[in-house]
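Quick notes on the structure that follows.
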Amino acid sequence: MDARLNYFAGPNPSRAFKHFMAAGKALKESPLPTATQELVALRVSQINGCAACIDMHTKDAAAAGETSVRLNLVAAWREATVYTEAERVALELAEQGTRVADAAGGVGDEVWARATEHYDEEQLTALVILVAFMNTANRLNIITRQPAGAYETGQIH
């Protein structure tokens with residue numbers, strides 16, 4: 001399978017795409033824990049069916065020390081006992097923020113209130129931007145049919 005568009009082709013990738021990727025790099029440097037970032041990125045990508053992002057985030061998370069058990073259970077995190085309460089609320093916020101059309105209400109007040117118990121304002125800002133960023137990245141990859149499987153850890157960051 002070949003991608004319809006190679007965002008990195010040529011000496012001058014789109015300026016807009018460069019800025020988009022810079023935002024992703026800034027998120028990596030935020031105070032939101034790395035494990036939470038990777039779990040959220042993976043869950044959003046699972047919901048959207050973005051194989052390229054699932055490939056990237058499972059590999060990056062594993063390289064950062066995430067266990068295969070936690071990675072494999074993200075799709076069923078509600079029934080899994082391997083996540084902290086903070087991670088669970090981040091995953092729930094990510095789901096509600098991703099399924100806006102399905103949920104027709106976005107992130108509920110109860111979920112937001114629980115998130116504020118675990119994350120400070122800077123971390124919450126990073127979490128919200130991460131959910132939006134991943135939804136955008138998923139759409140960019142799905143629209144252009146980016147293939148999965150060949151990603152190597154650290155390749156894009």
Percentage relative contact order, the chain, counting C-alpha pairs under 8 Å, at least six apart: 39 percent
Applying the gyration tensor rule to the Cα atoms of segment 73-157 (axes a ≥ b ≥ c; rounded if a/c under 1.5, else prolate if a/b exceeds b/c, else oblate), the class is prolate
Determine the shape class of the chain: with a ≥ b ≥ c the square roots of the Cα gyration tensor eigenvalues, call it rounded for a/c under 1.5, and otherwise prolate if a/b is greater than b/c, oblate otherwise. prolate
Proximal charge balance of Ala26 [Cβ under 14 Å; K/R count +1, D/E count -1]: +1
Just to confirm the number: angle between the C-alpha axis of helix 51-63 and the first principal axis of the chain, 0 to 90 degrees, nearest 10? 70 degrees
If one compares the long axis through the Cα atoms of helix 15-28 with the longest principal axis of the Cα atoms of the chain, the angle in degrees, nearest 10, works out at 40 degrees
Would you mind counting up the charge near Arg99? Only other residues with Cβ under 15 Å from its Cβ, with Lys and Arg at +1 and Asp and Glu at -1. 0
For Ala35, the net charge from surrounding residues (Cβ-Cβ under 12 Å; K, R +1; D, E -1) works out to -3
Candidates per GluC sites (Glu not before Pro) in segment 1-110, loop by DSSP, up to 16 other Cβ within 10 Å: Glu29
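We did not get these values from a lab; they are worked out from the coordinates using the rules stated. Small disclaimer: the values here were computed from a predicted structure and weren't measured. Positions of Cβ are backbone-derived with ideal geometry, glycine not excepted, and every protein chain shown enters the neighbour counts.
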